[in-house]
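Below is one structure; the comments refer to it alone.
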Amino acid sequence: MADLDLRLVRYFAAVAEHRHFGRAAETLHITQPSLSRQIRRLERQLGARLLDRTPRGTRLTEAGEVFLPGARALLRSAARAAAQVRSAAEPGRITVGFSSGLIVTPAVRELRRLHPDADVRTMHLDWTEARAALLDRTVDAVVVRLPFAGDQLDMTVLYEEPRVVVVPVDHRLAGKESVTVDDIAGEPLPQVTGADPEWSAFWRIDPRPDGSPAPGGPFVQALEDKLEVVADGRAIVITAGIRGHHLRPDLTTVPLHGVEPSQVALAIRAGDRSRLVTAFRACARSHLTGT
């Protein structure tokens, strides 16, 4: 069989999506007769009928249903390869993302020193935006706290941070040398609307070591919302940091012992071997140590 023409595969995927030759032709900016001819050409290549016209539109045949997932995967793979080539052909620019509370300056400064002609940019990202920004190429690398969904990405752990609890300055735990999970057993913890379940479980320690659920707390969306519910006494927060770091004057932090630390990692797109991304990963490993 002759090699598949990606253009024909794309035409088939468009008809399969719209279930209508006319609408697919409009999307593809070609005439309907031309689209019909190209689909027949693909069917001859594959030796199977892929689409049936009906009075209500177009439906996939059994062979078409089988071919569609592979066709979509083929198109995604081709698009990814093309994007990687473009990135390699234009190696002079990189955008480094970072989420709240994380510093990338030492690694960015070193990258600029090593590649003075490169256009090195940085971009702060909300924790809910970081993964999408990386996959849609808004940024080329991002420094985040784990847990972080790593499928389609290459992850490099850079350093660890102890976890702490954030409490009001007049809270019963304020001023202690450290606390344990038992010390906060009855304390409500904010619940972040739409949070990844793994992320939420880690930062709420839910379930607790004995299997019991973490106490519920107010639903919030942003970091500032979390701090407000802590300040007015409705909850405490578990976060990363060091003792003595004051997020606002009416709050303080206490080290949380007996739990695994938070990890800070660099995420890049899987398989991205562009010159500046590779160089930034080396800079991050050397210069982003959490000290």
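Observations on the structure shown:
- Judged by the gyration tensor of its Cα atoms, with axes a ≥ b ≥ c, segment 73-173 is oblate; a/c meets the 1.5 cut and b/c is at least as large as a/b.
- Applying D = kT/(6 pi eta Rh) to segment 220-285, where Rh is the Kirkwood radius over alpha-carbon pairs, T corresponds to 10 °C and eta to 1.306 mPa s, the Stokes-Einstein value obtained is 104 µm²/s.
- For Arg121, nonlocal amide neighbours, meaning residues 5 or more places apart or on other chains whose placed amide H falls under 5 Å from its own, are Ile94, Thr95, Val96.
- Over the chain, dividing the summed -39,500 (n - 2.57) contributions of all DSSP H runs of at least 4 residues by the number of residues returns a 222 nm mean residue ellipticity of -12000 deg cm²/dmol.
- Segment 163-260: relative contact order as a whole-number percent, Cα under 8 Å and 6+ apart: 49
- Rounded to the nearest 20, the size of the Cβ-charge dipole of the chain about its Cα centre is 1700 debye, with Lys and Arg at +1 and Asp and Glu at -1.
- Whole-number D in µm²/s for segment 6-88 (Stokes-Einstein; Kirkwood sum over Cα pairs; 10 °C, 1.306 mPa s): 120
- Relative to the longest principal axis of the Cα atoms of the chain, the long axis of helix 62-89 makes an angle of roughly 60 degrees.
- Here each label is just a point 7 Å from Cα along the line to Cβ, and for Ala222 and Arg40 those points are 5.9 nm apart.
- Folded to 0 to 90 degrees: helix 275-287 orientation relative to the chain principal axis, Cα: 10
- Candidate values [x] 1, 5, 12, 16, 18, 17, 14, 9, 5, 2, 1, 0, 0; [y] 1, 5, 10, 12, 11, 9, 9, 9, 9, 8, 7, 5, 3, 2, 1, 0; [z] 1, 6, 10, 13, 14, 13, 12, 10, 8, 5, 4, 2, 1, 1, 0, 0, 0, 0, label of the one derived for P(r) over Cα pairs in 5 Å bins from 0, in percent: [y]
- A straight chain from Asp232 to Thr156 at 0.36 nm per residue would run longer than the Cα-Cα distance by 23.6 nm.
- Dipole of segment 64-220, positive direction: furthest Cα of His171, Gly64, Gly217, with charges on the beta-carbon: Gly64
Since every read-out is calculated from the coordinates, none of them should be taken as a lab result. All values derive from a computational prediction rather than experimental measurement. No Cβ is skipped: glycine too gets one built from the backbone with ideal geometry, and neighbour counts run over all protein chains shown.
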